[in-house]
Structure formats: structure tokens, C-alpha cells
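Structure, as C-alpha cells:
Values in this text are rule-based calculations from the coordinates and carry no lab data. Given the structure is predicted, the values throughout are model-derived calculations rather than measurements. Note: ideal-geometry Cβ built from the backbone for every residue, glycine included; neighbour counts use all protein chains shown.
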Amino acid sequence: MTGRVYNVLFLCTHNSARSIMAEVIMNDLGRGKFKGYSAGSHPASAPNPFALEALRRLKFPTEGLCSKNWEEFAKADAPVMDFVVTVCDNAAGEVCPIWPGRPISAHWGVEDPSLYHGTDEAKGREFARVASILRHRIELFVSLPLERLDRLKLEKTVKNIGKQ
């Protein structure tokens, strides 16, 4: 390993639930090896409270989180991304900005828990379920032997994680 930190941008339309949860989970599980970011094409005014609660229940930090526009990461002074991962089908189908540095992209679609209808308790369970799916995928991702994979193998592997 070169000791460098790999930047990973998670995208979703509103950047209020799935991408926010993925950013937080990546920053915790990938500490020292990966740095997670998140953004959306049409960001919400704030993260979804159910997403924040799901993260807290899993013992992940939630302070300082905010919804961001993905254009922030296409600017010249933005961190260069090594990986860009869409976590919702809408964002996967949108025309994304041109990301500097030729990042590897993948789609890890997962259901939008904010569309779930039910009691607050049931919504909480749905957000927790989605957070668990993302955690599993990120655990697989951070365990990849990046130094032993060429770009084509890495692209295929990262894309296949989204099918887990």
C-alpha cells in the first residue's frame, strides 16, 4: 500500500439519506485508507432525521453533516476523487459533472428509505436496513487489495460490490 488515502464520492439525488449514510460509514470503516464524501444533483436542505438516527444507533458520528450539491466536487479546488459511487437509480441515470482525475465509477443502487410509508418505528427499521446494506458493501470495498488490482479488475470488482 502506498499509504495514500483514496477519496470516494457517494451520489444520490437529494443527498439526504443513502449517500449521507454511505459517507459516514466509509469515513469510519475506511479510516486511514479511504475518505468518504457525499453529494446530490438536487440536494435537500438537510440530512433526513431518520438517516441520522440510524447512524447514531449504529454508533457512527453524525455531527456536521449537511446536504451538498455535486457541483462542489467538480470544481478545480475540490478533492480529486478516486471513486464515484451512485447509490440511487435516479442519480445513476443523470448526466454527472466531469470529475477530475478519471475516477472509477460504480452503481450500488439501494431502495430509498425516505419513500417508505409507515409508522416512525417502521421507518426507523427501514433506514437501519438500508444502512446495513451500505455498511456491508463498504466493508467489502475497504477490504479490497487495491495495490494488487489493475484498473480493469478494480472497476469490475467495485461494480460487483453493488450487486451484493
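Observations on the structure shown:
- Estimated from helical segments only, the mean residue ellipticity of the chain at 222 nm is -11500 deg cm²/dmol, where each DSSP H run of four or more residues counts as -39500 (n - 2.57).
- Members of Lys35/Lys75; Lys68/Lys163; Lys59/Lys123; Lys35/Lys59; Lys33/Lys153 lying beyond 22 Å, as alpha-carbon distances in this model show: Lys68/Lys163
- Backbone phi angles across segment 100-106, fed through the Karplus curve with coefficients 6.51, -1.76 and 1.60 (θ = phi - 60°), yield HN-Hα couplings of x, x, 6, x, 6, 10, 8 Hz in residue order; Gly and Pro are listed as x.
- Amide H contacts of Ile104 (H built 1.01 Å from N, under 5 Å, at least 5 apart or other chain): Phe83, Val84
- Remark: segment 19-36, residue by residue, has Karplus-estimated 3J(HN,Hα) of 5, 5, 4, 5, 4, 5, 5, 4, 5, 7, 6, x, 3, x, 10, 9, 10, x Hz, where x stands for each Gly or Pro and the curve is 6.51 cos²θ - 1.76 cosθ + 1.60 at θ = phi - 60°.
- Whole-Hz Karplus values for segment 115-125 come out as 8, 5, 9, x, 5, 4, 5, 5, 4, x, 5 Hz, taken residue by residue from phi with 6.51 cos²θ - 1.76 cosθ + 1.60 and θ = phi - 60°; glycine and proline positions read x.
- Sequence-distant residues sharing a close amide H with Gly109 (under 5 Å, placed H): none
- Applying 1/(1 + (r/R0)^6) with R0 = 41 Å to the Cβ-Cβ distance of Val5 and His117 gives a FRET efficiency near 0.55.
- The trypsin sites (Lys or Arg not before Pro) of segment 48-132 that DSSP puts in a loop, and whose beta carbon has at most 13 other beta carbons within 10 Å, are Lys59, Lys75.
- Annotation: amide H of Asn69 within the under-5 Å range of Gly40, sequence separation 5 or more or interchain, hydrogens built in the peptide plane.
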